[in-house]
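Heads up, the thing below is written out as structure tokens.
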Amino acid sequence: VDKNIYCHFRKPARKAQLYYDNQENLEIHSVLGNNEMHVGLYSEIPDSAFPNCVDRATMVDAEHRATNRLLHMSKINPKSVIAEFGSGFGNAANLALSSHTAPGCYKCIDISATNMDVARTVNATHPQERIQYLVRDFADTGLPDASVDVVISQDSLLHATAVMDRVLEEAFRILKPGGRL
């Protein structure tokens, strides 16, 4: 095994933390979408629009469509407890807590304290007893066994490919019997 490759993947959580806690990265992500990520469902955009730049409104709409689809597939209800691995700026939490089927509790889990600070701002209008901000590694959330109904993640698990077995073990550990991943 190439020692350099091994060292690169040995502490992926720390590398992700350094990346997301970097002020320059925060500014880049803010410019890309004013706290909205650039991953989404772009099915309504004609192919002729690519590879040209897509405007901010289209990016936000595509991100909301993707997140709403994920939340719908999760079958959340007002009694649900959701844990999101890699919650970033808290946009999925904002959409979930703003919906008519808002979960009872939303746990934002992210390795970056900077991201959690932004998430607190994004979600400031929601009842704070229904949302938690945990600066933790996906593989060690600190949550009790069988304590959540749904574990979701959107565009974040790529940072955990080297320890995916541990991340999935953690997800299944915190899920209640019959919970959804």
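Assuming 0.36 nm per residue, please report the length gained on full extension of the stretch Arg166 to Ala124 beyond their Cα-Cα distance.
Here the answer is 11.9 nm.
Ignoring any ligand, DNA or RNA, what whole percent of the accessible area of region 105-160 comes from carbon and sulfur when the probe is 1.4 angstrom?
Carbon and sulfur: 52 percent of the exposed surface of region 105-160.
Non-local amide H neighbours of Tyr106 (under 5 Å, H modeled in plane, Pro and chain starts lacking H): which ones?
Ile82, Ile131, Gln132
The values are calculated or read from the model by the stated rules, or taken from the named source; none is laboratory data. Just so it is clear, the model here is predicted, and its values are computed rather than measured. Ligands, DNA and RNA are stripped out before the accessible areas are found, and what is left, the full protein with its side chains, is counted by its heavy atoms. Shrake-Rupley method; radii C 1.70, N 1.55, O 1.52, S 1.80 Å.
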